[in-house]
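Right, one structure below, let's go through it.
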Amino acid sequence: MMAEPLFDSAEFRQVCGHFPTGVTAVTAVTAEGTVAALTVNSFTSVSLEPAKVLFCVTTFSSSFPVLMGSDRIAIHILSQDQQDVARRFATSGLSGAQRLDGVSWVPGPDGVPLLPDTPAILAGRRDEVITSGDHVIILLDVDQVHLKPTDVPALSFYRGRFVAPSRPATE
């Protein structure tokens, strides 16, 4: 049995916010054509062989049922000049289709919306879904990548705000 924590969820969120994360936009579509478009900062690569990535989403997200009903999902790595996309995809009360209004996108494999203006896209089939607390971890078998080289740094999130790296990474 787990001991009762000595902190509340707001304090836990504040502590976790001290770790900067990248910001991604996730899109998916069900066989019936229902679209998900959401902002996710819990993304990481898992495996090179085979190519796998993961992201996490809360089970009470309006996008959760669409993600669970979609075989194909796309993850878009956002650049620092795409804060408007991140904010739009994080807007509650909008459907996935409404979140895509005014955002440049093209249909990808099986109709998954792809955002061609993002620096990088990973698309693939949903593999495993692991429930943990009030979130699920979604593993994605990547079968398609798109890379658009750019000098614009990736969008990051730190202490409740979008931030840009202070200096570009060196090769």
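The values are calculated or read from the model by the stated rules, or taken from the named source; none is laboratory data. All values derive from a computational prediction rather than experimental measurement. As a convention, Cβ positions derive from the backbone with ideal geometry for all residues, glycine included, and neighbour counts pool all protein chains shown. These accessible areas exclude ligands, DNA and RNA; they are computed on the full protein's heavy atoms, side chains included. Shrake-Rupley method; radii C 1.70, N 1.55, O 1.52, S 1.80 Å.
General observations
- Rounded to the nearest 20 debye, the dipole magnitude of segment 1-122 is 60 debye, with +1 charges on Lys and Arg beta carbons, -1 on Asp and Glu beta carbons, and the Cα centre as origin.
- Listed residue (Met68, Ser92, Val26) projecting farthest to the positive dipole end of segment 15-92, Cβ model: Ser92
- Solvent accessible area, Å² - Glu128, 1.4 Å probe, full protein context: 90
- For the chain: Kirkwood Rh in Å [reciprocal of mean 1/r, alpha carbons]: 16.7
- Nearest-10 value in Å² for the accessible area of Thr118, using the 1.4 Å probe: 10
- The length gained on full extension between Tyr158 and Val106, counted as 0.36 nm times the residue separation minus their Cα-Cα distance, comes to 15.7 nm.
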